[in-house]
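Working notes, structure below.
The values are calculated or read from the model by the stated rules, or taken from the named source; none is laboratory data. Keep in mind that this is a model prediction, so the values were computed, not measured. Here the Cβ positions follow ideal geometry from the backbone for every residue, glycine too, while neighbour counts run over all protein chains shown. Surface areas here come from the heavy atoms of the whole protein model, side chains and all, with no ligands, DNA or RNA. Shrake-Rupley method; radii C 1.70, N 1.55, O 1.52, S 1.80 Å.
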Amino acid sequence: MSSPSVQLLSSWASNVSPSPTLAVDAKAKAMAAAGEDVAGFGAGEPDFDTPEFIKEAAIAALRAGRTKYAPTPGIEELRKALAEKYRAEYGLAVEPAQVIVSPGGKFSCYLAILAVCSPGDEVIVPAPYWVSYPEMVKLAGGVPKFLFAGDDTGFKITPDQLEGAITPKTRLLVLNSPSNPTGAIYSRGEMERLVEVALRHGIKIMSDEIYEHLVYDGGEHVCPAAFGKEAAEAIITVSGFSKTYSMTGWRLGTTVAPKAIAKAIVDLQSQTSSNATTFAQYGALAALREKEQAQAALATMMEAFDRRRRYLQAGLEAIPGMRCLLPGGAFYVFPNISAFGLDSSTFAARVLEQEKVALVPGVAFGADDYVRLSYATSDAVIEKGLQRLTRFCGGLDR
Ligand SMILES: *Cc1c(COP(=O)(O)O)cnc(C)c1O
C-alpha cells in the first residue's frame, strides 16, 4: 500500500527561523553552566532585577485573588494609566480604548503587523533590524523589503531611501528608535521627514519604542504618533515594560493604535493569547503610578548602562581595525568588523571557541559586517571581554 506523502510541518513552520539572539544567549549560558569562563555579551535584557515595589504590587494582586481572566485588552486601570502616560510624556491624546496590553512587546509587534498586513503586502524594514520583524512579516504572509543603513549614516535610513523603496504594494513601515541592535536614535527632524514620506504614500507605520526611556546624553525620544492627527491615524505605537522596568519575564507589551486597528488587535488577541497575565498587570500599574520610585530605579540602571556604554565603545574602538559608533540609546553596541575579512557568523563562532566571548553575529540583524554586543552585563565581564576581543582581533589578518 502506498501512503500519501505527508509533510510534517506547515509552510509557516518550515520557513520560520529560530531567534538567533536567544540561541547565542542559551549557548553561552550552557557553556557557563558547564564550568567554562564565558564573557557573555548576548543578553537582550537588563541585568537588573525588577524593582521591589513592582514585585510587591503583583504579590498583593495575587493575594487579593487577581488570578482570573482579565478583559482581553488589559485591566481598565492599566489602560487608563497608559493613555495618561502618552498624554503626559508626548502630548499624544489617547483614549483607553486605543490601548492594548499584550503578553510581551514581541507579541504586540506581531499583532500590529497581523492587523494591517495581508498576504502579498510589502513591509519596509530598515536594516540592521530587530531579528523578529522579518519573521513576523512572513508569518503574516507579507514580504519584508529591507532598506540598509550602515554605520556611515549612523545606521539611519534617509527619506530619499524610503521614497525609493515604496511600491504600490507597500503597506507598512517598521521603525525602531532607539534601535536594537544599533542603539541609533532618530532625531525629531529626521523622524518627521520619514513620517511625512509614509503619510504622503498612505503607508502605515509600526513604531517600536520599547527602548523609549533608555536614552543617553540628555537625548530626546521622539514618539511619531504625537506629530499630529494624520500621524496618530497612521501609526501603531508599540512599547512595554520589559526594558524600562527590567520586567522581561513578566511578558507585558503595550500597543497604542488608531481605534479601528486597536479593535482588530483586540479581536486577534482574543482568539490567540487572551489577556496578558492578570496579576502581572497590577505590577505594571504600580510601575506607572509610583513615578518617583520608578524614576529612581530607572536612573540607577541608566547610570550603570551609561558608564558601561562608554567603556565598551571606547575599548572596541581602540582595537585596530574595529570601528564602533557610540550608541545613543538601548544597551547594545554594533561594531563594524569588516576589516578582519570574516563574515559575522565565522567571527562570532571563532571568538566563542577561542576566547569564550559570546556575541551575536550581525547577519542575524541583516548586517553581516557587524556584530552585536550587549552591555547589560557587569563591568567585570566587559573588562575581561575587551581583553579577549583585543587578543582575538590582534591574531587576525587585516
Ligand atoms: C526586547 C524587545 C521587544 C519586546 O520585548 P518583550 O520582552 O517581548 O516585551 C520589542 N522590540 C525590540 C526591538 C526589543 O529589543
Quiz item: log10 I(q)/I(0), Debye, Cα-only the chain, no solvent, q = 0.09, 0.13, 0.15 Å⁻¹?
Solution: -0.54, -1.13, -1.44
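So how do 359-368, 201-210 stack up, highest first, on mean other-Cβ count within 10 Å?
So the peptides 359-368, 201-210, ranked by packing, come out 359-368, 201-210.
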Quiz item: What accessible area per residue comes out for the chain, rounded to a whole number of Å², with a 1.4 Å probe?
Solution: 43 Å²
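Which order do the peptides 41-49, 144-152 come out in when sorted by mean C-beta neighbours inside 10 angstrom, highest first? Write down the numbers at each step before the final one.
Working: 41-49: 19.9, 144-152: 16.6.
The peptides rank, most packed first, as 41-49, 144-152.
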Quiz item: Which of L139, F227, F331 sits closest to the plus end of the dipole of the chain, meaning its Cα is farthest towards the positive end, when Lys and Arg get +1 and Asp and Glu get -1 on the C-beta?
Solution: L139
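Rank-order 215-224, 75-84 by packing density, defined as the average count of other C-beta atoms within 10 Å over each peptide's residues, highest first.
On the way: 215-224: 15.9, 75-84: 18.9.
Packing order, densest peptide first, comes out as 75-84, 215-224.
Given a cut-off of 26 Å, name the pairs among K27/K291; K229/K291; K55/K80; K85/K169; K106/K356 whose C-alpha atoms lie farther apart than that in the structure shown. Walk me through the numbers on the way to the answer.
On the way: K27/K291 37 Å; K229/K291 28 Å; K55/K80 21 Å; K85/K169 35 Å; K106/K356 29 Å.
Among K27/K291; K229/K291; K55/K80; K85/K169; K106/K356, the Cα-Cα distance tops 26 Å for K27/K291; K229/K291; K85/K169; K106/K356.
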Exercise. Report in % the part of the accessible area of the chain that belongs to carbon and sulfur, leaving out ligands and nucleic acids; probe 1.4 Å.
Key: 53 percent
Exercise. For region 103-113, take each phi angle, set θ = phi - 60°, evaluate the Karplus expression 6.51 cos²θ - 1.76 cosθ + 1.60, and give the result in whole Hz per residue in order, putting x for glycine and proline.
Key: x, x, x, 4, 5, 4, 4, 5, 5, 4, 5
Quiz item: Over the Cα atoms of region 67-290, how large are the radius of gyration and the largest Cα-Cα distance (Dmax), in Å?
Solution: 16.4, 51
Quiz item: Tell me, how many Å apart are the Cα centres for region 107-127 and for region 237-314?
Solution: 21 Å
